[in-house]
Amino acid sequence: MDSQRAKFLSIESNPITLARAIMSDQRRHPEAKGDLTMILSSLMLACKFVSNAVRKAGIASLIGISGSSNVQGEQQKPLDILANDIFINSLKYCNKIAALASEEETGIYIIDNPDEAKYVIAFDPLDGSSNIDVNVSIGSIFAIWKRPDYSKPVVLEDFLRTGAEVEVSGYCIYGSSTQLVIATKEGKVDCFTLDNSIGDFILTHPNLRIPKKGNIYSVNEGNSHFWDKSMKEYVNLVKTPQDDNTYSLRYVGSMVSDVHRTLLYGGIFLYPADKKSPNGKLRVLYEVFPMSFIVEAAGGKATDGRRRLLDIKAHDIHQRSPCILGSPDDVDTIVAIYAKNDEEEAKNTN
């Protein structure tokens, strides 16, 4: 019996559902109170509802532009608004979240909990929504932190943390199938696929590990005129390799899609700062941190070119940052280029 058939039979006869996997992890931590279990269950429910809405978008008048803008000034789609409401409603009734931060909300959304909630969550309810109308894969992204002092009322500073302090992060991708990827601070990354016939997420890709080196680079080269010297040098390097390891350009324009492919196949995802966006464009709390956390947990690396992304301390819930992440060897190459050019620039300045 080949390994692929054995895997299929195992999934069919002994499916490890997301709920079962969460409960199994909880049993390994006797001190756990089940708070994260309830939060992840609420997120699972939200992802199911959003997945269903995405599939029906074309026939339920959820495509097009809603006429409103979010706090970033981006045009909102009806599905953006719906997904945001779904996530808020799913999370606020689990009684384990004190407050949430969303791409679609101006400030933090404080939840009136009957209990002392220990956690806060930041999420992008629908990443890549500009691709909704053309039926390209989109997704949801989230990161969860434990509050430093949960005996006191929640404050903005509960969110202004580093990525290294994340407890759990994940994303759900809505494409040819709906898949939920979850990473924990123990360094475990699992991918669950939604089985619509039973309405549950099934573990299909356990213990994901990113390849040490890849041959795919993912970047919007339409912005290359605005890049800095180091970014131009790196992309020229992968386009004109000195050996047989030729690279292919693959860029969807939905972060979830591009990072998901990078996680599975290896390579590098690049969203650099440039002359138009000197601070970068991706949001730290609910895009950069969760994706960097997942990639590092899977054995990859994440940087802005000069520093580890998870070491950044957020100072605003909608803060932006450059983002470079992927296979460790590929990320090391671009970091070395930045270091070399920074050293040369410092010598010339002096």
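Would you check if Asp258 is open to solvent by 10 Å² or more (accessible area, probe 1.4 Å) and assigned to a helix (DSSP H, G or I)?
It is false that Asp258 is open to solvent by 10 Å² or more (accessible area, probe 1.4 Å) and assigned to a helix (DSSP H, G or I).
With respect to Leu208, is the statement that it is modelled with pLDDT of 95 or more, over 25 Å from Ala273 (Cβ atoms) and assigned to a loop (DSSP other than H, G, I, E, B) true?
Working: modelled with pLDDT of 95 or more: yes; over 25 Å from Ala273 (Cβ atoms): yes; assigned to a loop (DSSP other than H, G, I, E, B): yes.
Judged against the criteria, Leu208 is a match.
Taken as a whole, segment 219-231 holds no residue that is in the same structural domain as Ile39 (by the TED database), open to solvent by 10 Å² or more (accessible area, probe 1.4 Å) and either more than 29 Å from Glu167 (Cβ to Cβ) or hydroxyl-bearing (Ser, Thr, Tyr) (or both). Can you confirm whether segment 127-146 contains a residue that is modelled with pLDDT under 95, out of contact with any helix residue (DSSP H, G or I) (no Cβ under 9 Å at 6 or more places or on another chain), among the hydrophobic types (A, V, I, L, M, F, W, C) and surrounded by 17 or more Cβ atoms within 10 Å (Cβ to Cβ)? Looking for residues that are modelled with pLDDT under 95, out of contact with any helix residue (DSSP H, G or I) (no Cβ under 9 Å at 6 or more places or on another chain), among the hydrophobic types (A, V, I, L, M, F, W, C) and surrounded by 17 or more Cβ atoms within 10 Å (Cβ to Cβ), one finds none in segment 127-146, hence no. The set of residues in segment 175-202 that are among the aliphatic types (A, V, I, L, M) and open to solvent by less than 30 Å² (accessible area, probe 1.4 Å) comprises Leu180, Val181, Ile182, Ala183, Val189, Leu194, Ile202. Restricted to segment 21-54, and to residues there that are within 24 Å of Gly175 (Cα to Cα) and open to solvent by 40 Å² or more (accessible area, probe 1.4 Å), the residue that is modelled with the lowest pLDDT is Asn52. Does Leu270 meet the test of being outside the structural domain of Val166 (by the TED database), surrounded by 20 or more Cβ atoms within 10 Å (Cβ to Cβ) and within 20 Å of Glu186 (Cα to Cα)? It is false that Leu270 is outside the structural domain of Val166 (by the TED database), surrounded by 20 or more Cβ atoms within 10 Å (Cβ to Cβ) and within 20 Å of Glu186 (Cα to Cα). Among the residues of segment 231-265, the one identified as farther than 26 Å from Phe289 by Cα and touching a Ser or Thr at 6+ places or on another chain (Cβ under 8 Å) is Leu237. Only one of the numbered conditions (1) open to solvent by 30 Å² or more (accessible area, probe 1.4 Å); (2) in contact (Cβ under 8 Å) with a residue 12 or more places away in the chain; (3) farther than 22 Å from Leu263 by Cβ is not met by Pro206, and that is (3). The residues listed here are Arg306, Arg320; of these, the one that is more than 19 Å from the chain's Cα centre (by Cα) and closer than 26 Å to Asp124 by Cα is Arg306.
Checked against the criterion of being under 30 Å from Asn207 (Cα atoms), of a type in the set (S, T, N, Q) and surrounded by fewer than 17 Cβ atoms within 10 Å (Cβ to Cβ), segment 151-167 has at least one qualifying residue. Within segment 75-106, the residues that satisfy the criterion of being more than 28 Å from Asp133 (Cα to Cα), in a loop (DSSP other than H, G, I, E, B) and open to solvent by 30 Å² or more (accessible area, probe 1.4 Å) are Tyr93, Asn95, Lys96.
The values are calculated or read from the model by the stated rules, or taken from the named source; none is laboratory data. Not measured: the values here are computed from a predicted model. No Cβ is skipped: glycine too gets one built from the backbone with ideal geometry, and neighbour counts run over all protein chains shown. All accessible areas refer to the heavy atoms of the entire protein, side chains included, with ligands and DNA or RNA removed. Shrake-Rupley method; radii C 1.70, N 1.55, O 1.52, S 1.80 Å.
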